[in-house]
Amino acid sequence: MLDFRYHALSLVAVFLALAIGIVLGVTVGGSLVSDAERSLRGNLRADVENAHTAAAKAQAEVAGRDKMLDSIYPQVVASRLNGERVALVSWGPLPDGVESGVRDAVSKAGGRIDSVSVFDKPLTDLKQALGSEVYGAETADDQSLKGMGHTLARSITSGGDLSQVLRAQLPDSFAGRLRHADAIAFYEAPKPTDGSDADGVKERDDSRASTIETAMLDEFAKRTIAVVGVEASSTDPSQIPRYKSLQLSSADSVDKSGGRIALVFTLAGAKGNYGLKSSATKPLPDGALTP
């Protein structure tokens, strides 16, 4: 009887000890988890605050840079393009910010925009201007397409019947004198990610249109001081890799003073890819800020 009671009490003591251990373990464990959670929250909060601080600092630095460039821009570019005529050519829709940026840069540098040519749907535009029969003959094969590109370039830079016909038939897309250009500011529209401008994108992707474009740019390069690829700070995706593949010098962010300074110097003949984006080799050509 004593043995049974002893064993019974021993079992009760064991279970009681286990119960106490579980309770204590849960309490201590919960306390440890709560401490860890509080620590994690504190670290995350500190990281977020540090990120906000870093972002604010970066924005302030960019704002300071832009303000400084705004103040020196007119003086830096003054007379750099005196007497030069520039043609603005767009392969696809031309954003207002790009056009106004190019116009402002050329004007402040003492130059003049001779013409603006927008090839929204190149094949359709040419067919409308030339008529179906002539268009068919002029785009019959690869050699004819290259000839069309060369003719376009000659007509835009030196005057010609084709550019005048395009201006008469499509006045909203072709404007200006279209008589003489010393340099070319060239914009190629990126492909929209939202599916807009689908017809235009499809046409510009057509191998015939690509052949005309390449031949046109090659002829521009032979006939002018410079052919410069341009884009705005908001152009997305950036077209600078495309301009590099075409072996064009470029100036990004032409809607900002820094980009406009870069544009003026590249239109004057500086070689390279300049601007404010990471794709630029450097912000400005060497000597750009030297009096």
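Which of the following residues is out of contact with any helix residue (DSSP H, G or I) (no Cβ under 7 Å at 6 or more places or on another chain) and over 16 Å from Met216 (Cβ atoms): Gln143, Gln169, Gln164?
Residue meeting the stated conditions: Gln164.
Under 26 Å from Gly149 (Cβ atoms), small (Gly, Ala, Ser) and either open to solvent by less than 10 Å² (accessible area, probe 1.4 Å) or touching a residue at least 60 places away in the same chain (Cβ under 8 Å) (or both): does that describe Ala221?
Judged against the criteria, Ala221 is not a match.
What about Asp172, is it assigned to a helix (DSSP H, G or I) and surrounded by fewer than 20 Cβ atoms within 10 Å (Cβ to Cβ)?
no
Please find, among Ala137, Ala129, the residue that is modelled with pLDDT under 95 and either open to solvent by less than 60 Å² (accessible area, probe 1.4 Å) or within 23 Å of Arg260 (Cβ to Cβ) (or both).
Ala129
If Ser207 satisfies every condition in (1) in contact with an Asp or Glu (Cβ under 7 Å, 6 or more places away or on another chain); (2) hydroxyl-bearing (Ser, Thr, Tyr); (3) surrounded by fewer than 17 Cβ atoms within 10 Å (Cβ to Cβ); (4) without any contact (Cβ under 8 Å) to a residue 60 or more places away in the chain but one, which is the exception?
(1)
Please name all residue pairs, on different chains or six or more residues apart, with Cβ atoms under 9 Å, provided the first residue is in region 148-161 and is outside any helix (DSSP H, G or I) and the second residue is surrounded by fewer than 18 Cβ atoms within 10 Å (Cβ to Cβ).
The qualifying pairs are Gly159/Arg177; Gly159/Arg179; Gly159/His180.
Tell me which residues, restricted to region 85-120, are over 21 Å from the mean Cα position of the chain (by Cα), assigned to a loop (DSSP other than H, G, I, E, B) and crowded, with 21+ Cβ neighbours inside 10 Å.
Here is the first cut: in region 85-120, the residues over 21 Å from the mean Cα position of the chain (by Cα) are 85-86, 107-115.
From the residues that got through so far, the ones that are assigned to a loop (DSSP other than H, G, I, E, B) too are 109-111.
Listed by number, the residues that qualify are Ala109, Gly111.
Quick test for you: out of Thr214, Thr266, pick the one residue that is touching a residue at least 12 places away in the same chain (Cβ under 8 Å), under 22 Å from Ala181 (Cα atoms), of a type in the set (Ser, Thr, Tyr) and open to solvent by less than 20 Å² (accessible area, probe 1.4 Å).
Selected residue: Thr266, the only one of Thr214, Thr266 that is touching a residue at least 12 places away in the same chain (Cβ under 8 Å), under 22 Å from Ala181 (Cα atoms), of a type in the set (Ser, Thr, Tyr) and open to solvent by less than 20 Å² (accessible area, probe 1.4 Å).
Would you confirm, using the coordinates I've provided, whether Tyr187 is of a type in the set (Ser, Thr, Tyr), out of contact with any Pro (no Cβ under 6 Å at 6 or more places or on another chain), under 23 Å from Ser238 (Cβ atoms) and buried (at least 17 other Cβ atoms within 10 Å of the Cβ)?
Working: of a type in the set (Ser, Thr, Tyr): yes; out of contact with any Pro (no Cβ under 6 Å at 6 or more places or on another chain): yes; under 23 Å from Ser238 (Cβ atoms): yes; buried (at least 17 other Cβ atoms within 10 Å of the Cβ): yes.
The answer is yes for Tyr187.
Which count do you get for residues in region 177-211 that are in contact with a strand residue (DSSP E or B) (Cβ under 9 Å, 6 or more places away or on another chain) and farther than 28 Å from Ser278 by Cα?
7
Being over 17 Å from Asp182 (Cα atoms) and either surrounded by fewer than 17 Cβ atoms within 10 Å (Cβ to Cβ) or at pLDDT below 95 (or both): is that true of Ser79 here?
Answer is no for this residue.
Select, from Lys271, Lys202, Lys277, the only residue that is over 24 Å from Lys121 (Cα atoms), free of Cβ contacts under 8 Å to residues at least 40 places away in the same chain and surrounded by fewer than 22 Cβ atoms within 10 Å (Cβ to Cβ).
Answer to the selection: Lys271.
Answer with yes or no whether Thr235 is under 11 Å from the mean Cα position of the chain (by Cα), in contact (Cβ under 8 Å) with a residue 12 or more places away in the chain and crowded, with 22+ Cβ neighbours inside 10 Å.
Yes; evaluated as a whole, the condition is true for this residue.
The values are calculated or read from the model by the stated rules, or taken from the named source; none is laboratory data. On a predicted model such as this, the values are computed, not experimentally measured, just so you know. Every residue, glycine among them, receives a Cβ derived from its backbone with ideal geometry; neighbour counts consider all protein chains shown. What goes into the accessible areas is simple: the full protein's heavy atoms, side chains included, and nothing from ligands, DNA or RNA. Shrake-Rupley method; radii C 1.70, N 1.55, O 1.52, S 1.80 Å.
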